[in-house]
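Below: one structure, written as structure tokens.
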Amino acid sequence: MKDNYIVIGSRGSKLALAQTGLIRAALSKNFPQLKIDVRIIKTTGDKILDTPLAKIGDKGLFTKELEEALLAVEIDLAVHSMKDLPTELPDGLEIGAVSAREEACDVLVSREAFTINNLPQGAKVGTSSLRRRAQVLALRQDLEVLDLRGNLDTRLAKLNSGRYDAIILAYAGIKRLGLDLNMSKLSFDEMLPQAGQGALGIEIRKNDLDVCNLINVLDDNDSRLSTEAERALLAGLGGGCQVPIGVYARIEGGKIAIKAGVFSLDGKRAIKDETAGDKKDALRLGKELAQALLKKGAKEILDEII
């Protein structure tokens, strides 16, 4: 950061820019004299749209190029959906702030206001996520789950074309774009979200104290603790963004409750567990829950996938 001027790195999708806009607006409100530019950077996940995400690879599909720009000092901070961030960051980078979290649930979006329970037998459900795919099949073995790639507008256009009867999306993205859709929220008993879902992570260089001090105002402690617990569980299972692992940590007062599950791709096997304790122990509780799942048989499921 030089002369009260920063450059924020962002993916170029409408949702990514809306999320970056929230961070930019918050910084401008707290630091009216700060000059802010946004640099759009295309990531691997943005460029390859004709291949299922799980077949491209798992590490940093939507973050690597932004991180390279950070390390090259081409940008001062990068705004990510926390669910896209690998649990291991490149040397020299850190999550400097985690925004106040939006609702973390997934939603079923359809043209006819279906719920997961009243979708017709054999209905076609679109998702790019193995986690969602596995949990849809765990609920309804009769449904046909098809791959769905593209940004939010593209996915909705494919739904409206009749190619799918319903699609699964994150509620947070729909809310941030202010979209009015026929959607049914999926409870955490029906579908556990991706680690970090609903929160924005601001990645910075570790030695950049000016930027670190600047973005402190954006950090929400409960969001940071809950997402740290979820990411600790994910790391403990050796999983990434494209592995069927769901987890949700909820903080109320000084307590944290964590629910997690590992699912086979066909939805026929699920290993679930939960824990609770003081929120100051969030990281430890996440790690311990991962070990509990492994002891219950999660490793056998993951070994078939990873």
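The values are calculated or read from the model by the stated rules, or taken from the named source; none is laboratory data. Source: prediction; values computed, not measured. Note that we place each Cβ from the backbone using ideal geometry, even for glycine, and neighbour counts take in every protein chain shown.
Within segment 175-191, is there a residue that is over 21 Å from the mean Cα position of the chain (by Cα), surrounded by fewer than 18 Cβ atoms within 10 Å (Cβ to Cβ), acidic (D, E) and not in a helix (DSSP H, G or I)?
yes
Which of the residues spanning segment 109-147 are assigned to a loop (DSSP other than H, G, I, E, B) and within 22 Å of G261 (Cβ to Cβ)?
T115, I116, N117, L119, S128, S129, R140, Q141, D142, L143
Just checking: which of the strands (runs of 3 or more DSSP E) contained wholly in segment 240-302 hold 3 or more residues that are surrounded by 19 or more Cβ atoms within 10 Å (Cβ to Cβ) and under 21 Å from the mean Cα position of the chain (by Cα)?
In segment 240-302, 245-252, 255-263 are the strands (runs of 3 or more DSSP E) which contain 3 or more residues that are surrounded by 19 or more Cβ atoms within 10 Å (Cβ to Cβ) and under 21 Å from the mean Cα position of the chain (by Cα).
When the residues of segment 142-189 are filtered to those that are polar (S, T, N, Q) and in contact with a Ser or Thr (Cβ under 8 Å, 6 or more places away or on another chain), which remaining residue is farthest from D106 (Cα to Cα)?
First, pick out the residues of segment 142-189 that are polar (S, T, N, Q): 151, 154, 160-161, 182, 184, 187.
From the residues that got through so far, the ones that are in contact with a Ser or Thr (Cβ under 8 Å, 6 or more places away or on another chain) too are 151, 182, 184.
Numbers: N151: 16, N182: 13, S184: 9 Å.
Only one residue tops the list, namely N151.
Scan segment 217-255 for residues that are of a type in the set (V, I, T) and under 18 Å from C105 (Cβ atoms) and jot them down. Don't jump to the end; show me each part of the working.
Step one: list which residues in segment 217-255 are of a type in the set (V, I, T), which gives 217, 227, 243, 245, 247, 251.
Those that are of a type in the set (V, I, T) and under 18 Å from C105 (Cβ atoms): T227, I245, V247, I251.
Kindly indicate whether D50 is at pLDDT below 95 and assigned to a loop (DSSP other than H, G, I, E, B).
yes
Give just the number: which of (1) closer than 24 Å to E68 by Cβ; (2) touching a Pro at 6+ places or on another chain (Cβ under 9 Å); (3) not hydrophobic (A, V, I, L, M, F, W, C) does G246 not satisfy?
Here G246 meets the rest and fails (1).
Condition check ((1) surrounded by fewer than 18 Cβ atoms within 10 Å (Cβ to Cβ); (2) acidic (D, E); (3) at pLDDT 90 or above) across all residues:
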site	(1), (2), (3)
T20	no, no, yes
R24	no, no, yes
Q33	yes, no, yes
T43	no, no, no
E67	no, yes, yes
L70	no, no, yes
D76	no, yes, yes
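Within segment 85-143, which residues are touching a residue at least 24 places away in the same chain (Cβ under 8 Å) and on the phi > 0 side of the Ramachandran plot? Break it down into steps so the answer makes sense when it comes.
Filtering segment 85-143 for residues touching a residue at least 24 places away in the same chain (Cβ under 8 Å) gives 85-89, 92-116, 119-120, 123-141, 143.
Selection gives G92, A113.
Among the residues of segment 197-216, is there at least one that is touching a Phe, Trp or Tyr at 6+ places or on another chain (Cβ under 6 Å), surrounded by 15 or more Cβ atoms within 10 Å (Cβ to Cβ), in contact (Cβ under 8 Å) with a residue 40 or more places away in the chain and not assigned by TED's automatic domain parsing to the domain that holds K124?
No, every residue in segment 197-216 fails to be touching a Phe, Trp or Tyr at 6+ places or on another chain (Cβ under 6 Å), surrounded by 15 or more Cβ atoms within 10 Å (Cβ to Cβ), in contact (Cβ under 8 Å) with a residue 40 or more places away in the chain and not assigned by TED's automatic domain parsing to the domain that holds K124.
Only one of G246, G239 is modelled with pLDDT under 95, in contact with a strand residue (DSSP E or B) (Cβ under 8 Å, 6 or more places away or on another chain) and closer than 30 Å to D147 by Cα. Can you tell me which?
G239
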